[in-house]
Amino acid sequence: MRLCSPVISGARLTVNGVGGSSGTNFHLYSSTNVAKPFGLWTPVLTNQFDQYGVLTYTNVYNPAQPEYFRFQVP
């Protein structure tokens, strides 16, 4: 399982993950500081992989503030 490169379209940021098992739960986390300990990252999405094993997250893109993502399968 891995996160794909983010896609930026105008003011929209989309992050996709692939390789999950259909229906398996996951948690997507975000931080503006990649060096921050993982326990301090903010959960932004909890859901299940779709029937193709994909996760999708879309949010507003702010080029002045970097954002990093990680996901975890419990």
Under a no-solvent Debye model with one identical scatterer per Cα of segment 34-74, what's log10 I(q)/I(0) at q = 0.22, 0.31, 0.35 Å⁻¹?
-> -0.94, -1.27, -1.36
Counting only protein heavy atoms and rolling a 1.4 Å probe, one gets per residue an accessible area for the chain in Å² of 64
Would you calculate the separation in nanometres between label points at TYR52 and MET1, each defined as 7 Å from the Cα along the Cα-to-beta-carbon direction?
-> 1.8
Descending principal axes extents, the chain, alpha-carbon based, whole Å | 35, 30, 16
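In the chain, what percent of the accessible surface is made up of carbon and sulfur (1.4 Å probe, ligands and nucleic acids excluded)?
50
The values are calculated or read from the model by the stated rules, or taken from the named source; none is laboratory data. None of the values given here were measured: they were computed from a predicted structure. With ideal geometry, Cβ positions are generated from the backbone for all residues, glycine too; neighbour counts draw on all protein chains shown. In case anyone asks, the SASA skips ligands and DNA or RNA and just uses the protein heavy atoms, side chains included. Shrake-Rupley method; radii C 1.70, N 1.55, O 1.52, S 1.80 Å.
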